[in-house]
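Read the figures in this text as sums done on the coordinates, not as results from a lab. Please read all numbers here as calculations on a predicted model, not as lab measurements. As a convention, Cβ positions derive from the backbone with ideal geometry for all residues, glycine included, and neighbour counts pool all protein chains shown.
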Amino acid sequence: MAIRECKIFLHNPIYPFCMLVFPLMVIFFFTSMLQDGQPLEMPVGVVDLDNTSTTRNITRRLDAFQTSHVVAHYPSVSEARSAIQNNEIYGFLYIPEGTTRDLLGGRQPRISYYYSMTTVAAGSLIYRDLKTIATLGAAGVGQATMRARGMTNSQIATFLQPIKIDLHQLSNATTDYNVYLSTFMVPGIIMLFIFLITTYAIGTELKFNHSKELVAMGGDNIAVSLIGKLLPHTLIWLTLAFAYSYYVFGVLQFPHPGGTAMIVLMNCLMVFSAQGFGIFAFGLMPSLRMSMSVSSLWAVLSFSMAGAAFPVMAMDGPLQSLAWLFPLRHYWMFYQTCVFNGFGILDAWWHVSALVFFMLLPIMVVKKIKNAMLNYVYIP
């Protein structure tokens, strides 16, 4: 049966494209797109109505930030706002006339900054830079004034920053977006392909009227038939998953304090649980069209319900319960618990159990699949 399936691979281009070409394209697309770790040199603007050496120094400091690049100076706020709306810049700094005079006179000028949150990552990083430069600008003038009054550097530092923050980011210390997103998006897309190809492979047996032949080759045992048919699929998916892990953890050096054994277990759970769900989807609705529709819908919803983009604990109660029904959610929790943070498997045993449950889901529908293979007539 496995040899028979390999022959089907050779005559149907859908299999090599969806199991090799497209997944490899996804892997290299995401990892290369985010290879710098964070978005760099994002365009920002400045509206400097004061135009003094002090405000020009503030502009130069803003341009010196790694994530921001001053690309234009605008004569008015309305023109800078139009530039944001036209996607020419992500934000701008507004320095009103008289800012330097008020700073030197001990008064409190107001510097404004505007940024777009249409893109969350870009907006958050631009906000950080604009807020920092506004604080540093006032601190620079204050430092010069206090030094002129004879205060020491220690006294100035204590006055400007009464509480010093000692920041230590765990695991992803450099806030590398590649480490964060590629380890979530790429496995999620691979699982989507597994869902679809599994249901497609079983459904085409009915479509091309080969289902009775498949059952007969398995000795009238539908479990043997499914295992034999999907064995080449499993080997290909495991090879792809291990190649992806070697690339990101071995070549790109993504952090993985959990070790190799956890990575191997994670990949096996991902492939087997995704295949189990695909078989279950077909058994639930023994129709090629309907089972592939359910699989694609479930895979797409997984990206929202996994908790990587928006934390599950912040969702409404019903959605938190619904999140347990998505294999990607449990894969993501196992990855960040046991691989990314290096905790033991007992700390993620609920999620391991859930993935094993998805692996065993076909047991509930094997009789229905056998009945469909022997008696159903394919309806386009």
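At a glance:
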item: Förster radius 45 Å - calculated FRET efficiency between ILE14 and ASP36 (Cβ-Cβ, nearest 0.05); result: 0.80
item: Cα Rg over Rh - region 42-160, Kirkwood; result: 1.01
item: Pairwise centroid distance, computed over Cα atoms, of region 314-339 with region 151-195, Å; result: 22
item: Ratio Rg/Rh, restricted to region 223-380 and using Cα atoms, in which Rh is the Kirkwood radius; result: 1.01
item: Two-site label geometry, ASN375 and PHE357: point separation in nm, points 7 Å out along Cα→Cβ; result: 3.0
item: Fewest-first sequence of ILE263, ILE163 by Cβ atoms within 10 Å of each Cβ; result: ILE163, ILE263
item: Amide H partners (placed H, <5 Å) of TYR94, local residues excluded; result: VAL47, SER112, TYR113, TYR114
item: Sorted by Cβ density within 10 Å, fewest first, the residues MET292, MET364, MET270; result: MET364, MET292, MET270
item: Helix runs (DSSP H) in the chain reaching 24 Å along axis by Cα, Kyte-Doolittle at least -1.0; result: 120-148, 177-207, 222-245, 260-284, 288-305
item: Per DSSP, loop trypsin sites (Lys or Arg not before Pro) in region 76-135 with at most 14 further Cβ within 10 Å; result: ARG107, ARG110
item: Distant alpha-carbon pairs in the chain (separation over 30 angstrom), percent; result: 55
item: Only Lys, Arg (+1) and Asp, Glu (-1) charged, at Cβ; region 42-160 dipole about Cα centre in debye; result: 440
item: Beta bridges per DSSP with both ends in region 13-169, % antiparallel, nearest 5; result: 30
item: Whole-number percent relative contact order across the chain, with pairs defined as alpha carbons under 8 Å at least 6 apart; result: 17
item: Distance (nanometres) between label positions extended 7 Å along Cα→Cβ at ILE3 and THR239; result: 1.8
item: Net dipole in debye of the chain [+1 Lys, Arg Cβ; -1 Asp, Glu Cβ; about Cα centre; nearest 20]; result: 360
item: ALA314 paired with GLN108, simple spin-label distance in nm, labels 7 Å along Cα-to-beta-carbon; result: 3.0
item: Region 188-261: chymotrypsin sites (Phe, Trp or Tyr not before Pro) in DSSP coil with no more than 14 other Cβ atoms inside 10 Å; result: PHE208
